[in-house]
Amino acid sequence: MKYLFAILKLLPPELSHLLALNGLKLMHKFGLINFYKKDFNNKGSFTIANMSFNNKLGIAAGLDKNGDFIDSLGALGFGFIEVGTTTPLAQLGNPKPRIFRAFDENAIINRLGFNNKGVDHLVKRLKSRNYKGVVGVNIGANKNSKGEKRIEDYVECYKKVYDLSDYITINISSPNTPDLRDLHNEANINQLLSSIKKEKEALRSQKPIFLKISPDETKDTIEIILKAVKKYEITGLVLTNTTIDKTNLRNEALKSEAGGLSGKPLFAKSTETIKVIKSLDNTIPVIGVGGVIDHSDYIAKFEAGADLVQIYTGFILKGPSIVSELLIQE
Ligand SMILES: Cc1cc2nc3c(=O)[nH]c(=O)nc-3n(C[C@H](O)[C@H](O)[C@H](O)COP(=O)(O)O)c2cc1C
């Protein structure tokens, strides 16, 4: 398995991710995944935001955008899986190449641009899943949707998935959809969250809603967002998405690539965002994500105030063994 993983690393990133996920699916089908799975549920289940978890480690949004791998990822032992980002219409995303890896820095730059098969495909996958752990759905807007239509996109996705998931994440923080991050502005965030709240009330839904924000915001913007989160009864925050700040990346050739930086160079910034939020409100549930590569990073997220932790880049770079590395000592 070690050698197979080494070969995958030599392939172009998107091809290697696709092969790895499909390989995992095959292993799951033939019952071979148990090789990785240990008993991570030795402390029993616990509740956060009215959801019951077996452990605190989740897979972050973007890895399984279409819900095609929920059961195989779940079989690795994750306590929760966030699928998406999904948009109302299928879209191809940006031209390739659009993922760049810096192995020696445990970092990735991506500018995928919400490539996904559309929310109706995801709905089918959610309905057919067998995984019994917590599943969140991360929702977004199509690239060509502007103004009111952009808000309607979030509401449409919300309506289609709220009942099939355990929680929803409103993603306003991808740097790869033009102007998406302007949803952090006061007028825009209030308009978006009030529309979702209206829909939530109309549907009489009790499902928790999280907001995923960027690590590149000022404290003033964070305060504005937190005020809107309270006003519109958003349950919690996912902290954070990738950063457009490349100063912590040493690889000069990659620095000039447009896109969001994830992995180790993001760790300090995303962890600081958790600390800022928790200093303003220490009761709000937080899913910490950004740069968790080893066990000490994992623990540091909880020390900063996270209630749950997600990984993406660490999983891509280390493979399934990272699950036991992080959880075995939890
Ligand atoms: C290739 C790639 C694709 C991603 N796609 C999404 C996405 O569709 N939606 C989203 O909310 N975050 C997406 N992310 C961001 C991750 O969910 C996560 O917030 C970020 O990578 C920081 O965590 P990490 O350092 O563990 O990777 C993506 C990240 C990567 C590397």
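The values are calculated or read from the model by the stated rules, or taken from the named source; none is laboratory data. Quick caveat: nothing in here was measured; it's all calculated off a predicted structure. Cβ: placed from backbone, ideal geometry, glycine included. Neighbour counts: every protein chain shown.
Selection of the range 300-318 for residues being outside any helix (DSSP H, G or I) and crowded, with 20+ Cβ neighbours inside 10 Å yields Ala306, Leu308, Val309, Gln310, Ile311, Tyr312.
In this structure, is Lys143 farther than 15 Å from Leu63 by Cβ and more than 13 Å from the ligand (Cβ to nearest atom)? For Lys143, the condition - farther than 15 Å from Leu63 by Cβ and more than 13 Å from the ligand (Cβ to nearest atom) - is not met.
Look at Ile293 and say whether it is of a type in the set (A, V, I, L, M, F, W, C), surrounded by fewer than 24 Cβ atoms within 10 Å (Cβ to Cβ) and within 9 Å of the ligand (Cβ to nearest atom). The answer is yes for Ile293. All conditions but one from (1) of a type in the set (Val, Ile, Thr); (2) modelled with pLDDT of 95 or more; (3) part of a helix (DSSP H, G or I); (4) over 25 Å from Arg181 (Cβ atoms) apply to Val323; the one that does not is (2).
Can you tell me which residues in the range 45-72 are part of a strand (DSSP E or B), hydrophobic (A, V, I, L, M, F, W, C) and touching an Asp or Glu at 6+ places or on another chain (Cβ under 9 Å)?
Looking only at the range 45-72, we keep the residues that are part of a strand (DSSP E or B), and these are 46-48, 51-53, 57-59.
Still in the list and also hydrophobic (A, V, I, L, M, F, W, C): 46, 48, 51, 53, 57, 59.
Scanning the range 45-72 gives Ile48, Met51, Leu57, Ile59.
Within the range 260-268, identify whether any single residue is touching a residue at least 60 places away in the same chain (Cβ under 8 Å) and surrounded by fewer than 20 Cβ atoms within 10 Å (Cβ to Cβ), and answer yes or no. No; the residues of the range 260-268 include none that is touching a residue at least 60 places away in the same chain (Cβ under 8 Å) and surrounded by fewer than 20 Cβ atoms within 10 Å (Cβ to Cβ).
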